[in-house]
1. Which whole-percent values make up P(r) of the chain when all C-alpha to C-alpha distances are grouped in 10 Å steps starting at zero?
2. Considering only lysines 8 or more places apart in sequence, or on different chains, count the pairs in the chain whose C-alpha atoms sit under 13 Å apart.
3. Only counting other Cβ atoms within 10 Å, I'd like 56, 19, 5 sorted with the fewest neighbours first.
4. Pop out the ³J(HN,Hα) list for the stretch 13-21 in order, Karplus 6.51 cos²θ - 1.76 cosθ + 1.60 with θ = phi - 60°, rounded to Hz; leave Gly and Pro as x.
5. I need the phi-derived Karplus couplings for the stretch 35-51: 6.51 cos²θ - 1.76 cosθ + 1.60, θ = phi - 60°, integer Hz, Gly and Pro marked x.
6. Have a look at 23, 50, 40 and tell me which one the Gaussian network model of the chain (Cα, springs below 10 Å) gives the largest fluctuation.
7. Using Cα pairs under 8 angstrom and six or more residues apart, how large is the relative contact order of the chain, in percent?
Amino acid sequence: MIRVFVCPECGKIRIVSKFLKAECYQCGAQMKPCGIPYTEWVEMSREEREQISEKFRNQDS
């Protein structure tokens, strides 16, 4: 299963197929699964993806 992760620290996105957890390549933080299936993720516009990334960054603020 392909999973989409978002970094709560810097907002970077990572697509992972083998692991249940992921670390951010940009800042090293533990990433959170975004909960959106990969098949839906690839159909989203860049703006929609950026909004989701920003939402994750603002959750801990």
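Readers should treat all values here as calculations from the given coordinates under stated rules, not as data from a laboratory. Quick caveat: nothing in here was measured; it's all calculated off a predicted structure. FYI the Cβ positions are ideal-geometry reconstructions off the backbone, even for glycines, and counts take in every protein chain you see.
1. Histogramming the chain at 10 Å steps yields 25, 57, 18, 0 percent.
2. Numbers: 12/32; 12/55; 21/32; 32/55.
Total qualifying Lys-Lys pairs in the chain comes to 4.
3. Numbers: 56 18, 19 10, 5 21.
The most exposed by this proxy come first: 19, 56, 5.
4. 10, 9, 9, 10, 10, 9, 10, 8, 10
5. Once θ is set to phi - 60°, the couplings for the stretch 35-51 become x, 9, x, 4, 4, 6, 4, 5, 8, 6, 6, 4, 5, 5, 5, 5, 5 Hz.
6. Maximum fluctuation in the GNM of the chain, among the listed residues, is at 40.
7. With pairs under 8 Å counted, the relative contact order is 39 percent.
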